[in-house]
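The structure appears below as structure tokens.
The values are calculated or read from the model by the stated rules, or taken from the named source; none is laboratory data. Here the structure is a predicted model, which means the values were calculated and not measured. Every residue, glycine among them, receives a Cβ derived from its backbone with ideal geometry; neighbour counts consider all protein chains shown.
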Amino acid sequence: NAGVTQTPKFQVLKTGQSMTLQCAQDMNHEYMSWYRQDPGMGLRLIHYSVGAGITDQGEVPNGYNVSRSTTEDFPLRLLSAAPSQTSVYFCASSYRGLNSPLHFGNGTRLTVT
Amino acid sequence: EDQVTQSPEALRLQEGESSSLNCSYTVSGLRGLFWYRQDPGKGPEFLFTLYSAGEEKEKERLKATLTKKESFLHITAPKPEDSATYLCAVWAGTASKLTFGTGTRLQVTL
């Protein structure tokens, strides 16, 4: 079992560029989510999905889009990167929402110059 | 607004020196409190879920407890491999999100 796989591990973007952070899980988990982690701040929820075809906004959704066309994949799109989006991004999944433990990927470190 | 505060921010222990990490929270309608361990360059790894005051969970050298205002992660006779950042998170009310604290960075030396 690979668990939660995030790609790429590192990425450098210029302001205004767009990109997609990939997240895939092979555990048949219904719930998937994206967090960002910044120094001195706790992990903050960007978007989440309770199942294929269903997404919702978290705490800090501005500047990010998501879609969930399959159970396995939950990509995060940055539409027009800004330096404030420099962060480490984590994808997490669970079997049935927050009643089950979250399984995290190993993150994507994004730098926007 | 849900708030989670972890203390201390950093803790250095010698091998075998037991101690406790604190997670205090202010939420409306606690549904669960979670402890995670995070190693450098890795994603958080689940340790425990606590649901109600008085509940305790144990795993090897770790024991988590919960009151109505805070949770403690007790580390008994720690080893260097216990060095990591320990994160606390709460799930409250009807929101489908966890609110995380900023973590306690633990270093255990020989």
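Quick one: in segment A:10-63, of everything that is charged (D, E, K, R) and closer than 14 Å to A:Leu110 by Cβ, which residue is nearest to the chain's Cα centre (by Cα)? Among those that are charged (D, E, K, R) and closer than 14 Å to A:Leu110 by Cβ, it is A:Arg36. Please verify whether B:Leu11 is part of a strand (DSSP E or B) and more than 10 Å from chain A (Cβ to nearest Cβ), treating the condition exactly as stated. When the stated conditions are applied, B:Leu11 passes them.
Selection within segment A:25-57: residues that are among the small types (Gly, Ala, Ser) and free of Cβ contacts under 8 Å to residues at least 12 places away in the same chain. The member of this set that is surrounded by the most Cβ atoms within 10 Å (Cβ to Cβ) is A:Gly42. Of everything in segment B:99-109, what is surrounded by fewer than 21 Cβ atoms within 10 Å (Cβ to Cβ) and either within 7 Å of chain A (Cβ to nearest Cβ) or free of Cβ contacts under 8 Å to residues at least 60 places away in the same chain (or both)? Give them in sequence order. Hit for segment B:99-109 is B:Thr102, nothing else.
Scanning segment A:95-108 for residues that are crowded, with 21+ Cβ neighbours inside 10 Å, under 15 Å from B:Lys97 (Cβ atoms) and either more than 7 Å from chain B (Cβ to nearest Cβ) or within 9 Å of the chain's Cα centre (by Cα) (or both) gives no hits. Within the set B:Asp39, B:Asp2, B:Asp82, the sole residue that is of a type in the set (Asp, Glu) and more than 13 Å from every other protein chain (Cβ to nearest Cβ) turns out to be B:Asp82.
Across segment B:29-42, the number of residues qualifying as exposed (fewer than 13 other Cβ atoms within 10 Å of the Cβ) and within 17 Å of B:Ser71 (Cβ to Cβ) comes to 1. All conditions but one from (1) within 17 Å of A:Ala24 (Cα to Cα); (2) touching a residue at least 24 places away in the same chain (Cβ under 8 Å) apply to A:Ser100; the one that does not is (1).
Being under 23 Å from A:Tyr31 (Cβ atoms), more than 13 Å from chain A (Cβ to nearest Cβ), part of a loop (DSSP other than H, G, I, E, B) and in contact with a Leu (Cβ under 8 Å, 6 or more places away or on another chain) is true for just one of B:Ser96, B:Ser52, B:Ser28. Which residue is that?
Values: B:Ser96 fails: more than 13 Å from chain A (Cβ to nearest Cβ); B:Ser28 fails: in contact with a Leu (Cβ under 8 Å, 6 or more places away or on another chain).
On inspection, the qualifying residue turns out to be B:Ser52.
Residues checked against (1) within 14 Å of chain B (Cβ to nearest Cβ); (2) at pLDDT 95 or above; (3) closer than 27 Å to B:Asp2 by Cβ; (4) touching a Pro at 6+ places or on another chain (Cβ under 7 Å):
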residue	(1), (2), (3), (4)
A:Leu21	yes, yes, yes, yes
A:Met32	yes, yes, yes, no
A:Gly42	yes, no, yes, no
A:Asp73	no, yes, no, no
A:Phe90	yes, yes, yes, no
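If you go through segment B:60-93 and pick out every residue that is in contact (Cβ under 8 Å) with a residue 12 or more places away in the chain, surrounded by fewer than 19 Cβ atoms within 10 Å (Cβ to Cβ) and part of a loop (DSSP other than H, G, I, E, B), you end up with 9.
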